[in-house]
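The values are calculated or read from the model by the stated rules, or taken from the named source; none is laboratory data. Model, not experiment: these values are computed from the prediction. Glycine also receives a Cβ, built like all others from the backbone with ideal geometry; neighbour counts cover every protein chain displayed. Areas reflect the complete protein model, heavy atoms only, side chains present, ligands, DNA and RNA absent. Shrake-Rupley method; radii C 1.70, N 1.55, O 1.52, S 1.80 Å.
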Amino acid sequence: MNVRIIPRLDIKGPNLVKGIHLEGLRVLGKPEVYARHYYEHGADELVYMDVVASLYGRNSLLDIIERTSKEIFIPLTVGGGLRSLDDIRTALRAGADKVSLNTAAIADPNLVREAAKRFGSSTILVSIEAIRQPDGTYEAHTDNGRESTGLDAYEWALRAAELGAGELMVTSIDREGTGEGFDLELTRRIAQSVPIPVIACGGAGSPEHVREVVVDGRADAVSMASILHYGCLGVCDEDTFAVEGNVEYLSGRRAGFAKITPSSIEDVKRHLSENGVPCRYVPKEAAHA
Amino acid sequence: MSEKLETYCGLPEEVVFCKRCVMSNQRPSSFPEFKHTKDRKAPTLHIDEEGICDACRHAEQKELIDWEARERELVELCDRYRKTDGSYDCLVPGSGGKDSAYQAHVLKYKYGMHPLTCTWPPILYTDYGYKNFTNWIEVGGFDNISFKPNGRVQKLLTRLSIQNLLHPFQTFILGQKNLGPKIAAKWGIELIFYGENEAEYGNPLADNTSSLRDKSYYTMEHLDEMYLGGVSIEELRSKFGVDMNDLMIYLPPPVEEIERSNIEVHYLGYYLKWTPQESYYYAVEHTGFKARPFRTEGTYSKYNSIDDKIDDLHYYTTFMKFGLGRATYDSSQEVRNKHLTREEAVALVHRFDGEKPQRYIAEVMEHIGMTLEEFDELCDKARSPHLWVRDGGEWKLRHRVENL
Amino acid sequence: MPERGAKVAIVDYGMGNLFSVKHACSHVGLDAEITADRDAVLAADAVILPGVGAFGDAMVTLRDLGMDTALREVAQRGTPLFGICLGLQLLMEVSHEFGEHEGLGLVPGEVVHLGAPRDGDRVLKVPQVGWNALMREPRADGSDAWAGTWFEGLADGTAMYFVHSFVVSPAGAADVLARTRYGDVTFCSALRYRNVFACQCHPERSGPDGLRVYSDFAAALAPRESL
């Protein structure tokens, strides 16, 4: 079974942003530029998350979805602020292959069932963003990590699968952006209990972390952001700065983030292949003309 | 209809919102707390003829500054004060929040200074606040002096400041502001670094062209001019039986002492371009800082000022007194730093501003010996008629910030 | 007389990401139209039947639109018909997905569940979601099964993107163009039957290799004019 490597792009307005613990709006450049770079360098799928849509009701991804789907021919999953069947339809019509639901799904789990029926299970992902509690359980959160729900992440995962979700994306908010590795316990517990694919997200700091979450965390696919974005900063950031967004980090040309080994998709896939984890990997030397 | 509405605290009658951020002219400027009485008329945020507030103008100016030159000035300053005999050469007052984490770390590990950090602790530590504080010291790596004031007196003063001024944070503000110079004087440290200059938030622009903090903020000339919790020093002693000794920690050091000891106070924000959000990243990376896993009540933020349980109350009272809640403060700053657009800020203010704090309020009330009812009454009394109106059994703001 | 480019009809029966199919067509210079109109389908030079979702629902909609008869006629005439994912499955005679459903009957064979694939001790998830290799089906006479098909430009073992819980089981072994292995289950991932070419994977979501399939499709449709 080939593990999928899925770059995750957090988008605010026209910018690619990257936070820590889903917090912070550091601008790293233009999402289209990064998306194209990842497509050309072996990404299996892409995820676009509108990180502030549920916070202040702004849905700004449609443009970029349209543009992406015309030029980038790998599956695109879109999430952030999708609240209704109409929102989902609009995103799919713009060119998304799959949609990710979190806040709206927890508010009304029936939405998952309806959406799965209407658009097909495989089109509907449920995204679970969890924070570890002092007693070792994990609580699901909404609104980009801001609101607690009282829902046990594991229970919610089982329920989402029952309601017809095609895949689950499980993010550890504690690990997200820190480069400290995935939360293996969170991932494994869910991955081993649901019959649908589970995409692990949050915490990759090195290719070894990715291997770990597949082998020990039992993830079927792995999504990552910081490790890849900081890995192609030199290539993907542009000189034309956005009208909106704070670009201090970019203009300061800082080295990166201490705990993260900036990596390419190639680095990650090579490490997986060399360590017995199958993935769609064509080593550069052996690539066909 | 030109009904003349009463204004409390000498606030401007007309409510004007900045056209760039979402702050209004009702925001009081920073001013010496020990002169704070019920009838004081505090200067408030100035909004110019184009509708832009001073804080936004300051942000504009920030873009024009030659930061490389400023950094050179910092390096020069550090070179002048740096000690190589093992003693402390500067003092960084702070709490281990993202800002002081950044300040202390960058001064020590980038500019080669030997800071002593000093902390005036929160009135009531939150778990995350305390963890961030210990990480600051243990992961960041700094010597620290924390001063814990007499608990009974602090409770009394906190209660009085709420009762008289609806200002829960006064003891903290006073303690924190005044601790630095005293510790510096006692330890023979001649350089104190604070973080951002007050003008970042709209205090008079004139203050900001030099880096040295206005000495009147932290010096005391005549005891008779002093008020704590809205009560004169004299009354605190005669009516509340508080000893002068218990109050000294809240009062600034005498002018002569400061002048004698040659202490200089500088803002790091003068020398290094201040982006609070980047301080967050820096603090996570270097001092083990962690945002809270839940949104702070009254705003959308998870990492701004999260170490004191009384914080939430503080912003609730600003909402009562000035119609400005925490979301307004947080989002205005982020608009100025271009993280948010004004429309986004407006949406955030509408969604979160003035949210009544629930998480810690019972504990805070118990700590200071007040009932919730009393607190609610005080809040209602503080609502200035020119800002609030009673509509259908509910309090409503007369003016809310809207999209342009 | 002005040369007319080939017109492709993409059948819209309300299921699946039709836009990605259309974008792939545009990208390779094919004039493609998404349509739910059976006349447009009948008039087209080639037809693409895409789709994602449940077999039973799809057949109901196709019947309601009159598409089922249109597609049978298209196949009868010899017009190239390209089935993708659910589109492949619909071509078969019967499906066992949630009961028994009659398909279009254009290709002999049936649709069955992927099963319970395992990879060592690990139970694999169903649906299969992800990239997997198309293995060229060996021919008894040693000939290249992909020659003259829209897979001609691909290397044996090229990976494409799959998302499915059911697979086709064609009656004629000669019809199988490619197989794919998922854990310990091997299934038919592409077939050709007369003028019908179909694959379980999504070439329009399979990067440059997938686009190659579309361009070979386009090349096969191009009028044979001297340049």
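Think of each Lys and Arg Cβ as +1 and each Asp and Glu Cβ as -1; about the Cα centre, that makes the dipole of segment A:4-277 roughly 360 debye. Distances between placed amide hydrogens fall under 5 Å for B:Val242 paired with B:Arg237, all partners being 5 or more residues away or on another chain. Is the shape of chain C rounded, prolate or oblate, going by the alpha carbon gyration tensor and its root eigenvalues a ≥ b ≥ c, with a/c under 1.5 for rounded and a/b larger than b/c for prolate? Here chain C falls in the oblate category. Cα centroid separation, segment B:256-275 to segment C:97-120: 77 Å. Each residue of segment B:302-309 is assigned a 3J(HN,Hα), and the resulting list reads 10, 9, 7, 6, 10, 9, 10, 5 Hz, derived from the Karplus form 6.51 cos²θ - 1.76 cosθ + 1.60 (θ = phi - 60°), x at Gly and Pro.
Principal semi-axes of the equivalent ellipsoid, √(5λ) from the alpha carbon gyration tensor of segment B:6-97, are 37, 22, 10 Å from largest down.
Among the listed pairs B:Lys62/B:Lys321; B:Lys148/B:Lys302; B:Lys98/B:Lys302, those whose Cα-Cα separation exceeds 23 Å are B:Lys62/B:Lys321; B:Lys148/B:Lys302. Of B:Pro293, B:Pro168, B:Pro181, the residue with the greatest mean-square motion in the GNM of chain B, using alpha carbon springs below 10 Å, is B:Pro293.
Based on alpha-carbon atoms, the Kirkwood radius and the radius of gyration of segment B:290-404 give Rg/Rh equal to 0.98. What figure in square angstrom, to the nearest 10, would you give for the accessible area of B:Tyr315 with a 1.4 Å probe? B:Tyr315 has an accessible surface of roughly 40 Å² with all protein chains in place. Quick one: grab the alpha carbon gyration tensor of segment B:115-191, order the square roots of its eigenvalues as a ≥ b ≥ c, and give me rounded if a/c is under 1.5, else prolate or oblate depending on whether a/b is larger than b/c. Oblate. Approximating the spin labels as points 7 Å out from Cα along Cα→Cβ, the C:Arg77-to-C:Glu152 distance works out to 2.4 nm. Computing FRET efficiency as 1/(1 + (r/R0)^6) for A:Glu162 and C:Arg122, where r is the C-beta to C-beta distance and R0 is 22 Å, gives about 0.50.
Highest GNM mean-square fluctuation among C:Pro50, C:Pro80, C:Pro117, for chain C modelled with Cα contacts below 10 Å: C:Pro117.
Taking amide hydrogens as placed 1.01 Å from N in the peptide plane, the amide H of B:Tyr194 sits under 5 Å from those of B:His266, B:Tyr267, B:Leu268, each at least 5 positions away in sequence or on another chain. Taking amide H as placed 1.01 Å from N in the peptide plane, the amide H of C:Asp119 sits under 5 Å from that of C:Leu124, each at least 5 places away or on another chain. Semi-axes of the equivalent ellipsoid of chain A are 26, 22, 19 Å, computed as sqrt(5λ) over the eigenvalues of the C-alpha gyration tensor in descending order.
Projecting the Cα atoms of A:His271, A:Asn110, B:Pro293 onto the dipole axis of the protein assembly as shown, where Lys and Arg carry +1 and Asp and Glu carry -1 at the beta carbon, places A:His271 farthest toward the positive end. Of interest is the spacing of the C-alpha centroids, which for segment B:8-65 and segment B:172-198 amounts to 25 Å. In a reduced charge model with +1 at each Lys and Arg Cβ and -1 at each Asp and Glu Cβ, segment C:7-225 shows a dipole moment near 340 debye about its Cα centre.
The charge dipole of the protein assembly as shown, taken about the Cα centre with unit charges on the Cβ atoms of Lys, Arg (+1) and Asp, Glu (-1), comes to about 400 debye, rounded to the nearest 20. Averaged per residue, the protein assembly as shown has 39 square angstrom of accessible surface, using a 1.4 angstrom probe with ligands and nucleic acids left out. Counted over chain B, the DSSP beta bridges are approximately 40% antiparallel.
A Förster radius of 35 Å, combined with the Cβ-Cβ distance separating A:Val33 from C:Ala220, puts the computed FRET efficiency at roughly 0.50. Its residues counted as N, the protein assembly as shown yields a C-alpha radius of gyration over 2.2 N^0.38 Å of 1.11. Within the protein assembly as shown, what percent of beta bridges assigned by DSSP are antiparallel, to the nearest 5? About 45 percent, rounded to the nearest 5. Note on B:Glu343 and B:Ala69: the model spin-label points, each 7 Å out from Cα along the C-beta direction, lie 3.8 nm apart.
Within segment B:227-323, the trypsin sites (Lys or Arg not before Pro) that combine a DSSP coil assignment with at most 14 other C-beta atoms in a 10 angstrom radius are B:Lys239. Across the alpha-carbon set of chain B, the Rg to Rh ratio works out to 0.95, Rh being the Kirkwood radius.
Which one of A:Met224, A:Ile5, A:Ala91 has its Cα pushed farthest toward the positive end of the charge dipole of chain A, where Lys and Arg give +1 and Asp and Glu give -1 at the Cβ? The Cα lying farthest towards the positive end belongs to A:Ala91. Positive-end ranking of B:Ser24, B:Leu387, B:Asn144 along the dipole of chain B, with charges on Cβ about the Cα centre, is headed by B:Asn144. Segment A:68-102 and segment A:190-222 have Cα centres separated by 23 Å. Spin-label model, A:Ser273/B:Val139: points 7 Å from Cα along the beta carbon direction are separated by 3.6 nm.
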